[in-house]
């Protein structure tokens, strides 16, 4: 049985920093595995669909971008508000509030799912109105509709992840995520190829896998003694916390959405280029790889956010500063390592997504730029998690708004000029 993360007395100097790096790594390393494993569910489905043909890859890529922009990023961001609420409640030893806030988050996010679901039902028509290829739009619309079961599960899952994360209960998340990924790969293959469901099977497999993870975590909460202090029964008092949740969840959602949207909109814009199937497929491969990497600095940043919240809740600002410094050092090492690996593997990266030589060669040419982007993304992701989830949400929103406008402006200038 895993014990929850405990606050320790403040320590100073290099020895204290070393202990903080060790403590942060204890949370961050498993959290990276958890985040990457969950993101791989969608990546595996894109890969499986990509080997069906260029049309399937383009359709799934467009659908993934649209659903990420309009649904998954919104839920992911709003759930981030729990990192502040639950983290500080745990640091202040107000344990029962964690359970109440988690119930509140689940109810709020399920409510948000309803308008998002209605939007996803009209993806095909929306994409055609935006000037996308009709065949690609049809494939994307079908994929989005069959992705609806995954949306509801994702809303519950993101709330549960924050519940475990703020207590430092990493083991249940680690085991459930890895087990689900091992289940997802053969399931996706069977639905796509064995039962010949194609892209429909790829979408359904994501929903099955998300729900499996949710069931595992709920069982753990119900029966594990590690959750005794924070386990509460559902009551109407939960609804009183909804305004407070939205006060933190809305700015958190804005921060996450601005970043996710900037990348996903590029895939939608690529559909307006000549030879849109090739451009969309290649850009989707690069951005899917980058989004997969993003969850590494996100894991580090989320761990740092937890440590900062715990220390601030316990009235220990020096401990919070040490957590920020330790996270920055870890992020720098990670960024250089991943960037070097990507550059070294640039000639084979494309084969993971497609057998088309034209696509693979194009990916090889663009990977050096991808490697540079990885370095910048790592630093930005860690700092945004540390600052935005705790005290300087307005500053983080302003930073991402400026970055978002600048990013899209230059992308359009360089792409279409």
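Taking the stated definitions as given, is residue 179 surrounded by fewer than 23 Cβ atoms within 10 Å (Cβ to Cβ) and under 20 Å from the mean Cα position of the chain (by Cα)?
yes
Of the conditions (1) in a helix (DSSP H, G or I); (2) surrounded by 15 or more Cβ atoms within 10 Å (Cβ to Cβ); (3) modelled with pLDDT under 80, residue 410 satisfies every one except a single condition; which number is it?
Here residue 410 meets the rest and fails (2).
Taking the stated definitions as given, is residue 172 assigned to a helix (DSSP H, G or I), in contact (Cβ under 8 Å) with a residue 40 or more places away in the chain, touching a helix residue (DSSP H, G or I) at 6+ places or on another chain (Cβ under 6 Å) and closer than 16 Å to residue 32 by Cα?
For residue 172, the condition - assigned to a helix (DSSP H, G or I), in contact (Cβ under 8 Å) with a residue 40 or more places away in the chain, touching a helix residue (DSSP H, G or I) at 6+ places or on another chain (Cβ under 6 Å) and closer than 16 Å to residue 32 by Cα - is met.
Given the structure, is residue 150 more than 30 Å from residue 303 (Cα to Cα) and assigned to a helix (DSSP H, G or I)? Spell out how you get there, then give the answer.
Working: more than 30 Å from residue 303 (Cα to Cα): no; assigned to a helix (DSSP H, G or I): yes.
Considered against the rule, which asks whether it is more than 30 Å from residue 303 (Cα to Cα) and assigned to a helix (DSSP H, G or I), residue 150 comes out as no.
Being farther than 22 Å from residue 373 by Cα and without any contact (Cβ under 8 Å) to a residue 40 or more places away in the chain is the filter here, so list the residues in region 321-337 that pass it.
Scanning region 321-337 gives a single hit, 321.
Would it be correct to say that residue 296 is under 21 Å from residue 50 (Cβ atoms) and either within 19 Å of the chain's Cα centre (by Cα) or in a helix (DSSP H, G or I) (or both)?
Against the criterion (under 21 Å from residue 50 (Cβ atoms) and either within 19 Å of the chain's Cα centre (by Cα) or in a helix (DSSP H, G or I) (or both)), residue 296 does not qualify.
Return the pair list, or none, for Cβ contacts closer than 7 Å from residues in region 192-218 that are at positive phi and at pLDDT below 95 to residues that are in a helix (DSSP H, G or I) and surrounded by 21 or more Cβ atoms within 10 Å (Cβ to Cβ), at least 6 apart or on different chains.
Close Cβ pairs (under 7 Å, with a partner that is in a helix (DSSP H, G or I) and surrounded by 21 or more Cβ atoms within 10 Å (Cβ to Cβ)) amount to 198/56; 198/192.
Within region 129-147, identify whether any single residue is on the phi < 0 side of the Ramachandran plot, in contact (Cβ under 8 Å) with a residue 12 or more places away in the chain and under 16 Å from the mean Cα position of the chain (by Cα), and answer yes or no.
No: zero hits.
Confirm whether residue 235 is surrounded by 20 or more Cβ atoms within 10 Å (Cβ to Cβ) and at pLDDT below 85.
no
The values are calculated or read from the model by the stated rules, or taken from the named source; none is laboratory data. No experiment lies behind these values; they were computed from the predicted model shown. Quick reminder, even Gly has a Cβ in these numbers, built from the backbone with ideal geometry, and neighbours come from all protein chains shown.
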